[in-house]
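Readers should treat all values here as calculations from the given coordinates under stated rules, not as data from a laboratory. Worth saying up front: this structure is predicted, and the values here are computed from it rather than measured. Cβ placement follows ideal geometry from the backbone for every residue including glycine, while neighbour counts extend to all protein chains displayed.
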Amino acid sequence: MAESPTHTDPQPIDAILSDVYRQSLAADVGSVADYIPELSKADPANMGIAIATVGGQLHTIGDAETLFTIQSISKALTFCLALERLGRDAVSQRVGVEPSGDPFNAIELHPATRRPYNPMVNAGAITVAGILRDAFGADAFEIVHQRFSMAAGRTLSFNEAVFKSEEETGHRNRGIAHLLIGAGALELPADTALDLYFRQCSIEVTAIDLARIGATLANMGENPVTGKQVFDVTAVRDTLAVMFTCGMYDYSGNWAYDVGVPAKSGVGGGIMGVVSRQLGIGSYAPGLDPNGNSVRGVATFRALSDELGLHAFDPTNAGSGFIRTFFDRNTGDVRL
Ligand code: DON
């Protein structure tokens, strides 16, 4: 009996990217965040996508070089640094790993543990900022900035105006910090932990940077372009697990179901996705949905996941994950 072909000829990845880009532009534009006044200046028409492989290749489309602030995507990376520095057990005593099902800025703690639900909501991320500030002292921001830059493979800029804007208007985060102090989850003065938290959120990236940082996480913590080890490999595993369950706020369940890739979003409009051992994906489109996730970014990841076979539990990937027809396991490259 003649064998039937299992797949059509592979399309070049750039053709797929341009198709996904067009589909995503057709999605609603969403609303640019304005609760931090400086963020409202973003152009809702901007949209860029970048894919970086663990072999060092890069594919981009649209506004992939537009700068925006990393915002909550920083939470995944600072969590990774805290795990590295204190170890898993010590971090677990300060912050949980359970999805909250509530908005990212909810003023709440887990009722049983009196600790933040997870490091991807503000309460958890402010606790992690406190951990890093305690561990590294006044140099904490420098260290965070340097690690983020190493992961991206270039020195990242800092948006002073966004930092000031958030510092002036971050009353809700101050409320969360005081709740944490009252519960014994944060031992520093609120403003000391918040200074680091607001600063980490104000680091600027592009979609390309997010893809490169994602590729560093995908590549067991080693930046595939510079060859430098940026993150500890055990901490990477734990970080990806929490990104998978909690990275997209109260949309995390739907995301795991539909996209199936560990990811983290930020109100600046970025989303960073990681396909372990294969690639990092960065998207930028500043219009958000009510959960705080980029509308066109979510559309991008949904389409890429379908087109490229990215879903972690897609049995037709037979354990190979990303791009069954494009990925070369031996070289780590995407065949064009
Ligand atoms: O805490 C805040 O309000 C921001 N600096 C970060 C929030 C954020 O990005 C949440 N994302 N969806």
field: Helix-only [θ]222 nm of the chain, DSSP H runs n ≥ 4, -39500 (n - 2.57) each, per residue, nearest 500
entry: -13500 deg cm²/dmol
Summed residue charge, Cβ within 11 Å of Ala50's Cβ, Lys/Arg positive, Asp/Glu negative: -2
task: Pop out the ³J(HN,Hα) list for the stretch 58-68 in order, Karplus 6.51 cos²θ - 1.76 cosθ + 1.60 with θ = phi - 60°, rounded to Hz; leave Gly and Pro as x.
output: 9, 10, 9, 8, x, 7, 7, 10, 7, 7, 8
Contour minus Cα-Cα distance for Ala183 and Gln93 (0.36 nm per residue): 31.1 nm
Net charge of Cβ neighbours under 15 Å - reference Val205; Lys, Arg +1; Asp, Glu -1: +2
message: Taking a cut-off of 25 Å, what percent of all Cα-Cα pairs in the chain are separated by more than that?
response: 46
query: Computed from the mean reciprocal separation of all distinct C-alpha pairs, what Kirkwood hydrodynamic radius does the stretch 24-79 have, in Å?
result: 13.6
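Stick to Cα atoms and the Kirkwood definition of Rh, then tell me Rg/Rh for the stretch 210-324.
With Rg and the Kirkwood Rh in hand, the quotient comes to 0.96.
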3J(HN,Hα) from dihedral phi, the stretch 84-92, Karplus parametrisation 6.51/-1.76/1.60, rounded to Hz, x for glycine, proline: 4, 6, 9, x, 4, 5, 5, 5, 4
Hz values of 3J(HN,Hα) by residue in the stretch 40-45 - Karplus curve (6.51, -1.76, 1.60), Gly and Pro given as x: 5, 7, 5, 8, x, 7
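On a full-extension model of 0.36 nm per residue, what is the gain between Phe313 and Arg237, subtracting their alpha-carbon distance, rounded to one decimal in nm? Spell out each step's value before the answer.
On the way: separation 76, 0.36 × 76 = 27.36 nm, distance 1.70 nm.
Contour length minus the Cα-Cα distance gives 25.7 nm.
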